1. Using Cα pairs under 8 angstrom and six or more residues apart, how large is the relative contact order of segment 176-219, in percent?
2. Segment 307-328 to segment 152-230: how many Å between their Cα centroids?
3. Shape of segment 69-146 from its Cα gyration tensor (a ≥ b ≥ c, root eigenvalues): rounded if a/c is under 1.5, otherwise prolate when a/b > b/c, or oblate?
4. For segment 581-642 and segment 482-545, what is the separation of their Cα centres, given in Å?
5. Report, in degrees rounded to the nearest 10, the 0 to 90 angle that the Cα long axis of helix 299-317 makes with the longest principal axis of the chain.
6. Sorted from largest down, what three extents in whole angstroms do the Cα atoms of segment 17-168 have along their principal axes?
7. Between rounded, prolate and oblate, where does segment 387-437 land on the alpha carbon gyration tensor, with a ≥ b ≥ c its root eigenvalues, rounded for a/c under 1.5, else prolate if a/b exceeds b/c?
8. Using a ≥ b ≥ c from the Cα gyration tensor of segment 307-420 (square roots of the eigenvalues), is it rounded, prolate or oblate, where a/c under 1.5 gives rounded and otherwise the larger of a/b and b/c decides, a/b for prolate?
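Just so you know, all these numbers are worked out from the coordinates, no wet-lab data involved. Since the model is a prediction, treat every value here as computed from it, not as a measurement. Heads up, the Cβs are rebuilt from the backbone with ideal geometry, glycines too, and the neighbour counts pull from every protein chain shown.
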C-alpha cells in the first residue's frame, strides 16, 4: 500500500499551460484516429503494395507508430494501447511477408536502424509487460545466447555489423556493391575513403572498391560501436524478468567496449576485428567502421549507441562510473569545437539544423565535430543536446550540470527560443526546456504546447494531402512524416524527462503517473501536470484537476521503472475556507495556502484531486535505490508486475 494525500487548494484561475496541455491530449486523440483511417487497413498494416528491394525499411514501418504507446503511457485514450498493439502485430505480419523478418525479428541490419525499430516494442513492454514479456525475452536471447550466432563471449563482441535473427545473413548488402545514392555521396562522402590512392578518379559506383569487396572485407565482419545499442534490448529483458543473465551480459559486453575506449585515450573506437583487436581490419585505425566515426554519421550514431549502453549498464549494475564511457568522448568533441555560423559549417545534417535554428543559422555559435577520418575532425554542427541532457538527467552530477552551463554560455543563439518543428527523433527542444528548469524561461510550457499544437495541425493537413497516395518504396518515409502524434512536450512537462534517445533508448523520467480509478498508466482525464524543477534529490510537480464536477485520483511514481524512492513529500494545503467570503459578497479573497509534509518511503504516492483543485508536490527522492521493474502500484508486491 502507498500513502494518499488529498488536494485542498481551490483552482480558481486555471493556468494557461494546464488548459493547453489537456487541449493537446484531445487533439492528439483525434489525430491518431485520423491517421489510422487514412494510412492503415483493417488488418493493422500500413497501406503499401510494393516490395522492398534492399535490407532497409523495417525501421520505417515501426517508426511510424513508435510514440503511440508512449502517448498512451502519458495519458492518451484508453483504446490507444490496443490500437498500438494491433498495428505492431499488423506491421510485423506485413514485414514478414516482405521477407524482412524471421521469427518476428529483423533478419540482419545495423543497430542504428534496429534501435529505431524497437522503440515501439519498448513502450509496449512498459504499457503491458505481461503481454510482451515473451517476445522481449526471446528477442534479447538472440544476443545473450551465443548459440544464435550474434555474440562471441570469448572476444566479447557482436560478430557482425548486420545482425539479428538470421545467422545466414552476411555482409552489408546483397549485390556486388553497396547501393550508393548520389545524394548520400554528397552528404556523407564514401566509407574507406583512404583505399583509393590520392588523385584517383571516381570509379563507377558498382566498380568502386570502397563500395564493394573492400567494404565487404573490412566493414562487414567484427563488432562496431553502433552495436552498443543492443544493450537497450537486453536491459528491457532484465527489467521485465530480473534474470541475472541479462544483467551479466550487459556488464560483460559494455565493459569490453569501455576497456577499448580507455586504451584509446578515452575515445570510443568504432571497430573491432573478429580476433578482438581494435583497427584489425582498418590497418590500425580506431575509426572507419560501419556506422562509425568516419561514415556516415559519426557522433550522431556512435554517441547515441554509447549513451544507451552506458545508461543500461548503470541501471543493471549500479556502477555509475560507466557514464565515463560517454563523458570522455563527449568532452573531447567539445574541446575540438569552433565558433562559427551554421552557414559556414561543413554539416552533413543541413535539413535538421535549418528548421531547428531558424534565423539563427547565421548567428555565430559553438559548433562541434561529429566525424573523424585520416584528415582529422570534420562535419561541424551545433551541439546535439540529447546526450548531454541524458547524462545530466540521469546523474544529477555537478560535472554534467556544469557541462550544460558551459554549452549554454558558448551558444550564440538564445536557448529560450521555442521553434515549431518536429525532427525525426520527435525531439530537439532540450535547450529551452533546460532553460525553463533553470528558472530562466518561465513561459516555456505555454510555448512548447503551442508548438506541439502547430505540429499536429501541420501533419493533419499533410495527411489530408497525401492520405490517398499509393506509396512507393522510395517514399516509405511518408508515414513518419505524416504521423501526427507528438509527445516531446508532454514528456518534458509531465514526466520531467527528455524525449527517449531515438536509436534504441529506454525512457528517462523523474516521475510517471497512474490513474488509480481506471487502474491504468497515465494522467486521468482532466488532470494536467507540470514538473517545474529537477534538483539532485528533489522534484517539484504541480497537479491540477480541471474538472468542475468529478474528482480524480493520481498515483505518482518515482522514475519510469519505479527505480527511485519518494522519501518524503511536501505539499500545498488550504485548510481555511474563508476565501469563499459571505453569501452576499461580490467576490472572493485569495486562498491562504500553507504546506504540510508526509513520509512516503516507497516509489508511489497517491493524490486525491477533488473537483477544481490543485496541489504542488515537492518530492524528496532517493535516486536509483530500487531495482528497475515494470511492476505497477496495482500489482501483488511479491511479483515483478508480470
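1. Values: 31 pairs, mean separation 23.5, N = 44.
Averaging sequence separation for qualifying contacts and normalising by length gives 53 percent for segment 176-219.
2. Result: 28 Å between the Cα centres.
3. Values: a/c = 1.96, a/b = 1.53, b/c = 1.28.
Prolate.
4. 15 Å
5. For helix 299-317, the angle is close to 60 degrees.
6. 57, 34, 25
7. Working: a/c = 2.29, a/b = 1.38, b/c = 1.66.
Oblate.
8. Working: a/c = 2.13, a/b = 1.57, b/c = 1.36.
In terms of gyration-tensor shape, prolate.
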